[in-house]
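Asks: Input: one structure, supplied below.
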Amino acid sequence: MSARRIAREFSHGLGFSAFDQSRIITLISELSRNIYKYAGQGYISIETVKGPNGSKGVKIHAVDCGPGILNVNRAMEQGYSTSGSLGAGLPAIKRMADEFSIETAEGKGTYVKIIKWLN
């Protein structure tokens with residue numbers, strides 16, 4: 001089963017709107033593409049989370065053991081790319097997510113965690 005299909009079924013089951021389901025699928029697609037393009041291998045996991053006020057959400061982890069991101073601040077700039085692409089991936093992921101964090105180290109890979117809350 002594809003990550004996109006799993007994300008759709010998971011987010012639908014939690015009650016996300018069709019619009020937010022599309023956003024979650026886009027987040028998964030962008031993270032998957034980054035793993036494939038820059039690291040070659042890694043994984044994505046998705047789980048339900050509860051907020052302090054009882055709200056529900058989806059937490060997505062993207063992990064790879066690739067070369068890491070040399071300059072995270074630059075990578076988060078709209079239009080910056082080391083591969084000749086549009087440079088929209090990470091900045092777009094951050095904009096679409098309600099919570100976003102990234103950890104990376106040269107030669108040790110990258111870990112991205114995002115949360116999308118059910119409104």
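The values are calculated or read from the model by the stated rules, or taken from the named source; none is laboratory data. In this text, all values refer to a predicted model and were calculated from it rather than measured experimentally. Positions of Cβ are generated from backbone atoms using ideal geometry, with glycine treated the same way; all protein chains shown enter the neighbour counts. We work out accessible area using only protein heavy atoms, side chains counted, and drop any ligands, DNA or RNA first. Shrake-Rupley method; radii C 1.70, N 1.55, O 1.52, S 1.80 Å.
Asks: Starting from the residue with the highest accessible area, list F16, F10 in decreasing order, probe 1.4 Å. Intermediate values should be presented prior to the final figure.
Replies: Details: F16 10, F10 60 Å².
Putting F16, F10 in descending order of accessible area: F10, F16.
Asks: Report the accessible area of V72, computed with a 1.4 Å probe over the heavy atoms of all protein chains in place, in Å² rounded to the nearest 10.
Replies: Surface accessible to solvent at V72 totals approximately 40 Å².
Asks: Given a 10 angstrom Cα cut-off, can you work out which residue in G15, G40, G54 is the most mobile in a GNM of the chain?
Replies: Its mean-square fluctuation being the largest, the pick is G54.
Asks: Using +1 at the Cβ of each Lys and Arg and -1 at the Cβ of each Asp and Glu in the chain, identify which of I24, A92, A105 lies farthest towards the dipole's positive end.
Replies: Positive-most Cα among the choices belongs to I24.
Asks: If the elastic network links every pair of Cα atoms under 10 Å, which of L31, L90, L14 fluctuates the most in the Gaussian network model of the chain?
Replies: Between L31, L90, L14, it is L14 that shows the largest mean-square fluctuation.
Asks: How large is the dipole of the chain about the Cα centre if only Lys and Arg carry +1 and Asp and Glu carry -1, each at its Cβ, rounded to the nearest 20 debye? Each step should come with its number before you reach the end.
Replies: Working: 15 positive and 10 negative charges, 45 e Å.
Using only the charged Cβ atoms, the result is roughly 220 debye.
Asks: Continuing with the same structure: Per residue, how much accessible area does the chain show when a 1.4 Å probe rolls over the protein heavy atoms, in square angstrom? Intermediate results must be reported in sequence, preceding the final value.
Replies: On the way: 6930 Å² over 119 residues.
The answer is 58 Å² per residue.
Asks: Moving to a separate point now. Run the numbers for N71 and K113: contour at 0.36 nm per residue of separation, minus the present Cα-Cα distance, in nm. List each step's numbers first, then the result.
Replies: Values: separation 42, 0.36 × 42 = 15.12 nm, distance 1.79 nm.
So the extension gain works out to 13.3 nm.
Asks: Right, something else. Quick check on the chain: helices-only [θ] at 222 nm, where DSSP H runs of length 4 and up contribute -39,500 (n - 2.57) each and the sum goes over total residues. Nearest 500, please. Mind showing how you got there, number by number?
Replies: Details: 4 runs with 41 residues, N = 119.
Value at 222 nm, helices only, nearest 500: -10000 deg cm²/dmol.
Asks: Can you tell me the order of 64-71, 41-48, 109-116 when each peptide is scored by its average per-residue count of other Cβ atoms within 10 angstrom, highest first?
Replies: Values: 64-71: 16.6, 41-48: 13.6, 109-116: 20.1.
Result, highest mean first: 109-116, 64-71, 41-48.
Asks: If you don't mind, there's one more thing I want to ask. On the protein heavy atoms, probe 1.4 angstrom, tell me the percent of accessible surface of the chain carried by carbon and sulfur. Could you put the intermediate results ahead of the total?
Replies: Values: 3600 of 6930 Å².
Carbon with sulfur: 52 percent of the solvent-accessible area.
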